[in-house]
Amino acid sequence: MGYQFSSESVSRLNKLLEMFPDKRSVILPGLYLLQKEQGFVDREGMEALADKIGSPISLAQVYGVATFYTLYNKKPVGKYHIQICGTSSCYMRGNDKLEKHICSRLGIELGETTPDKKFTLEEVECLGACGYAPMIQINDAYYENLTFEKMDEILKGLT
Amino acid sequence: MAEMKILTKFIDDPRSNELEFYESVHGYDGMKKALSMAPEEIIEIVKKSGLRGRGGAGFPTGLKWSFIPKDIPKPKYLICNADEGEPGTFKDRKLIENLPHQIIEGMVIGAKAIGANKGFFYIRGEFNKGIDSMQKAIDEAYAKGYLGKNIQGSGFDFDLVLYAGAGAYICGEETALINSLEGRRGHPRLKPPFPAVSGLYRCPTVVNNVETFSTVPHILDKGADWYSKIGTEKSPGTRLFSVSGHVKRPGVYEIELGTPLLELINDLCGGMLDDVPLKAVIPGGSSVPILTAEECKTANMDFESMAAHKTMLGSGAVIVIGEGTDLVETTYRFARFYAHESCGQCTPCREGTHWVRDLLHKIREGEGTSADLDLILSLSRNMEGGTTICPLSDACVGAVRPTILKFKHEFEARLKDKVGKEEEMPAQTGA
């Protein structure tokens with residue numbers, strides 16, 4: 001049996017299908033719902049989403065959208081998904097040093113997940129917080145004007 | 001000097017995002033005026049004010065609205081572009097989080113002007129706080145009758161839907177944004193047809209930036225003459241500048257257009273971080289040509305002065321670079337950004353951005369030769385000026401070539417064959 005959306009997500013999807021003049025527009029918010037449910041988007045989930053939107057939307061179309069956009073995790077990430085901004089404004093305020101610091105604290109390299117599946121660390125392009133650099137995003141929240149001490153404090157608070 | 005706060009007058013109030021507070025400071029007054037006007041009157045006022053779009057291109061807003069065909073049976077759409085993502089730019093985020101009602105008010109006015117009954121707020125997916133703030137404001141506006149059917153008894157209907165992007169810089173380009181809203185990959189479209197004729201769902205569409213919509217209520221409320229007197233003749237009004245990099249107080253500042261760049265840096269931003277000398281400034285987001293410290297002395301923050309200095313105000317992002325900064329590294333990181341964000345449709349961009357990034361990486365590692373530097377300059381000639389559907393490729397060139405030309409000695413100093421080059425180097429080290 002394929003992926004099953006929760007009843008809450010199904011009713012949200014039904015609402016979304018009414019909201020747009022063309023139901024194809026539901027692919028992006030639909031993928032977000034899928035990611036919210038299981039932390040990432042996979043083939044089975046995309047298939048269920050394509051079925052829910054219905055003809056003429058195919059799995060290939062949903063897949064094509066999911067792979068284009070970086071915010072959809074194509075594989076599972078840790079409980080805390082740490083994304084550090086690597087663009088130049090952040091670099092000028094020391095994001096490269098912060099990045100090394102986090103790597104050594106967590107004992108992983110960029111792009112890796114800790115063995116206990118708690119943290120995934122990734123470097124990403126501009127997060128639009130250049131004046132408050134260096135900064136990171138952990139799951140839904142931004143953490144700005146970071147120092148090593150602040151960073152240690154934040155990591156300590158994540159359980 | 002001080003800021004000239006029009007859009008951001010109440011931005012620091014802890015209640016600035018609440019409807020009740022916004023109404024108490026004359027919020028929605030401009031919308032109420034607009035609802036009693038004919039669409040042509042609204043467009044005329046915005047045209048007369050001289051307002052130019054705040055997203056980057058600086059196209060006159062009233063003129064853009066006037067391109068929407070009037071007698072056409074198709075629905076018309078209005079979109080707010082809140083997919084802020086140009087490196088250096090973070091001004092819209094503050095407006096979205098702190099003053100969402102000001103944007104909604106501007107959108108209702110825009111909708112009435114072009115005859116749109118449905119609008120979309122396309123926000124970048126990373127802005128979770130902004131998404132919450134905007135959705136709450138939309139709900140409040142519906143409850144108060146500022147959105148929905150028969151707004152304030154005017155007979156005008158306007159529905160607004162929030163739509164989150166998913167982490168693609170290219171979706172800030174209006175036709176890519178439209179494709180994304182249609183549930184497609186964010187591929188820019190060939191123009192013409194322009195969105196005003198065939199945009200979202202192939203219907204007439206206007207896309208404006210967050211700051212542009214935030215300005216419109218003030219123009220309607222206080223009049224076109226009041227607005228056009230602020231700033232310079234060709235760049236009326238105030239603008240939000242997001243300042244990052246080596247200044248003591250980075251942040252978002254609203255100033256009158258025409259203000260000298262150095263006043264912004266020295267007065268409002270408190271001068272250079274750790275008092276290091278100024279090396280260069282990127283005045284309008286990573287895609288615009290860099291200014292040397294010498295050029296900064298005569299640069300004013302308006303469209304004309306920037307054009308005279310062969311650069312642009314772009315998205316209003318001022319990246320201040322202090323002496324001691326490795327420009328090879330910053331340029332490499334900008335090129336990496338554009339390579340990552342290229343949508344892949346056009347060969348000059350798909351291949352060019354990656355190639356430039358790889359060559360800069362080689363130079364950064366001390367493995368490059370003067371031929372690599374020449375190759376970047378030669379490649380960049382084939383990546384610009386209309387060889388691609390959208391300007392992302394040009395943006396990469398803007399972020400790379402002027403820096404290499406103006407700070408050539410820094411790049412040459414990193415080359416593997418630099419020993420053989422020393423003879424001709426001294427002449428270029430004075431920049």
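Observations, loosely collected:
- Amide proton proximity set for B:G258, modelled H, under 5 Å, gap of 5+: B:M301, B:D302
- Shown in residue order for segment B:2-9 are the 3J(HN,Hα) couplings computed by the Karplus curve 6.51 cos²θ - 1.76 cosθ + 1.60 at θ = phi - 60°: 10, 6, 10, 8, 10, 6, 10, 3 Hz (x for Gly and Pro).
- Each residue of segment A:136-153 was assigned a 3J(HN,Hα) from its phi angle through the Karplus expression (A = 6.51, B = -1.76, C = 1.60, θ = phi - 60°), giving 9, 10, 10, 6, 8, 10, 8, 10, 10, 6, 7, 10, 4, 5, 4, 4, 4, 4 Hz with x at Gly and Pro.
- Hz values of 3J(HN,Hα) by residue in segment B:149-155 - Karplus curve (6.51, -1.76, 1.60), Gly and Pro given as x: 7, 6, 4, 6, x, 7, x
- Of the trypsin sites (Lys or Arg not before Pro) in segment B:135-225, those whose Cβ has at most 14 other Cβ within 10 Å and which sit in DSSP loop: B:K149
- Listed residues A:S89, A:F148, A:M46: farthest to the positive end of the dipole of chain A (Cβ charges): A:M46
- Taking all protein chains as shown and a probe of 1.4 angstrom, A:T147 keeps an accessible surface of around 60 Å².
- By definition, a body whose alpha carbon gyration tensor gives a ≥ b ≥ c is prolate when a/c is 1.5 or more and a/b is larger than b/c, and segment B:232-322 fits this prolate description.
- For segment B:350-418 versus segment B:20-76, the gap between their alpha-carbon centres in whole angstrom: 41
- Modelled FRET efficiency - R0 25 Å, B:K310 with B:S228, Cβ distances, 0.05 increments: 0.40
- Residue-span extension gain [A:Q4 to A:N145] - 0.36 nm each, minus C-alpha spacing: 46.6 nm
- Helix axis angle, A:95-106 relative to chain A longest principal axis, alpha carbon, degrees: 80
- The accessible area of B:T388, taken with all protein chains in place and a 1.4 Å probe, comes to roughly 20 Å².
- Calculated [222 nm] ellipticity per residue, helices only, for chain A: -13500 deg cm²/dmol; basis is -39500 (n - 2.57) per DSSP H run with n ≥ 4, divided by all residues, nearest 500.
- Loop-resident trypsin sites (Lys or Arg not before Pro) (DSSP state other than H, G, I, E or B) in segment A:30-91 with no more than 16 further Cβ atoms inside 10 Å of their Cβ: A:K74, A:K79.
- FRET efficiency for B:A57 and A:K74, using Cβ-Cβ distance with R0 set to 25 Å, rounded to 0.05: 0.15
- Segment B:95-136 and segment A:7-57: distance between their alpha carbon centers, rounded to Å: 23
- Trypsin sites (Lys or Arg not before Pro) within segment A:83-143, DSSP loop, no more than 16 other Cβ atoms inside 10 Å: A:K117, A:K118
- In terms of its C-alpha gyration tensor, chain B has a prolate overall shape, because the principal axis ratio a/c (a ≥ b ≥ c, square roots of the eigenvalues) is not below 1.5 and a/b outweighs b/c.
- Segment A:132-159 and segment B:158-214: distance between their alpha carbon centers, rounded to Å: 33
- Measuring between alpha carbons in the structure, the pairs from B:K70/B:K149; B:K248/B:K279; A:K52/B:K70; A:K75/B:K91; A:K118/B:K248; B:K48/B:K76 lying more than 27 angstrom apart are A:K52/B:K70; A:K75/B:K91; A:K118/B:K248.
- Taking the C-alpha atoms only, the angle from helix B:100-114 to the longest principal axis of chain B is near 70 degrees.
- Compared with the dominant principal axis of the Cα atoms in chain B, helix B:392-406 is inclined by about 40°.
- Taking label positions 7 Å along the Cα-Cβ direction at both A:D116 and A:E47, the computed distance is 3.6 nm, reported to one decimal.
- Using only side-chain charges placed at the Cβ, +1 for Lys and Arg and -1 for Asp and Glu, the dipole size of the protein assembly as shown relative to its Cα centre rounds to 1240 debye.
- Taking each residue as 0.36 nm, the span from B:A371 to B:R15 lengthens on full extension beyond its C-alpha to C-alpha distance by 122.4 nm.
- Computed over protein heavy atoms with a 1.4 Å probe, the accessible surface of segment B:1-113 works out to 38 Å² per residue.
The values are calculated or read from the model by the stated rules, or taken from the named source; none is laboratory data. On a predicted model such as this, the values are computed, not experimentally measured, just so you know. Don't worry about glycine lacking a Cβ; one is built from the backbone with ideal geometry, like all the others, and counts go over all protein chains shown. Just so you know, the surface numbers come from the protein's heavy atoms only, side chains and all, with ligands and any DNA or RNA stripped out. Shrake-Rupley method; radii C 1.70, N 1.55, O 1.52, S 1.80 Å.
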